[in-house]
Amino acid sequence: MTDTEYRQRMEKELTAAYDFSRSGQEGKARVCGRRAAAEAIGWYLERHPGTGWGGDVMSRLFRLAGDPEFPEEIRSAAERLSSRITAKFSYPSPFNPVEDAKLITEYFRRILEGGTAR
């Protein structure tokens, strides 16, 4: 896939996440946020192949959350996005899945477009 295709797919998922969040559909916003983050990770992996990442959304988020190579704020965002809801259908801690997805996608975009990670 080309860089442009990765950017387009990330933006499509982020836009959908924002739209769902604005309409009160937080579950759908979270799913789209996860997919946006997974696209960013996939883009990164295309240029920096590594083992143990897996191909699905959750595998990528779990791996990112536990990889000390990445900054704490990025790992924390991945951890929140990959966390499961409680039996009472609430999140274990307050967070904004759209902002977490944006944090992850922007981090990888800066790396891959030749800038610095911070």
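Once the range 16-25 is narrowed to residues that are in a helix (DSSP H, G or I) and of a type in the set (Gly, Ala, Ser), the residue that is surrounded by the most Cβ atoms within 10 Å (Cβ to Cβ) is Ala17. In the range 26-77, of all residues being assigned to a loop (DSSP other than H, G, I, E, B) and among the acidic types (Asp, Glu), the one that is nearest to Leu112 (Cα to Cα) corresponds to Glu69. Filtering the range 95-114 to residues that are touching a residue at least 40 places away in the same chain (Cβ under 8 Å), among the hydrophobic types (A, V, I, L, M, F, W, C) and open to solvent by 40 Å² or more (accessible area, probe 1.4 Å) leaves only Ile111. Within the range 36-57, being without any contact (Cβ under 8 Å) to a residue 40 or more places away in the chain, open to solvent by 40 Å² or more (accessible area, probe 1.4 Å) and of a type outside the set (Val, Ile, Thr) holds for His48, Pro49, Gly50, Gly52, Gly54, Gly55, Asp56. Return the total of residues in the range 26-35 being open to solvent by 70 Å² or more (accessible area, probe 1.4 Å) and either over 18 Å from Arg109 (Cα atoms) or touching a Ser or Thr at 6+ places or on another chain (Cβ under 9 Å) (or both). Qualifying residue count, the range 26-35: 1. Residues that are of a type in the set (Asp, Glu) and at pLDDT 95 or above were ranked within the range 6-38; the one that is nearest to the chain's Cα centre (by Cα) is Glu13.
Screening Pro92 with (1) at pLDDT 95 or above; (2) surrounded by fewer than 21 Cβ atoms within 10 Å (Cβ to Cβ); (3) not charged (D, E, K, R) gives one miss only, at (1).
The values are calculated or read from the model by the stated rules, or taken from the named source; none is laboratory data. Quick caveat: nothing in here was measured; it's all calculated off a predicted structure. In this analysis, Cβ positions are derived from the backbone assuming ideal geometry, glycine residues included, and neighbour counts consider all displayed protein chains. When the accessible area is computed, the model is the full protein with side chains, heavy atoms only, and any ligands, DNA or RNA have been set aside. Shrake-Rupley method; radii C 1.70, N 1.55, O 1.52, S 1.80 Å.
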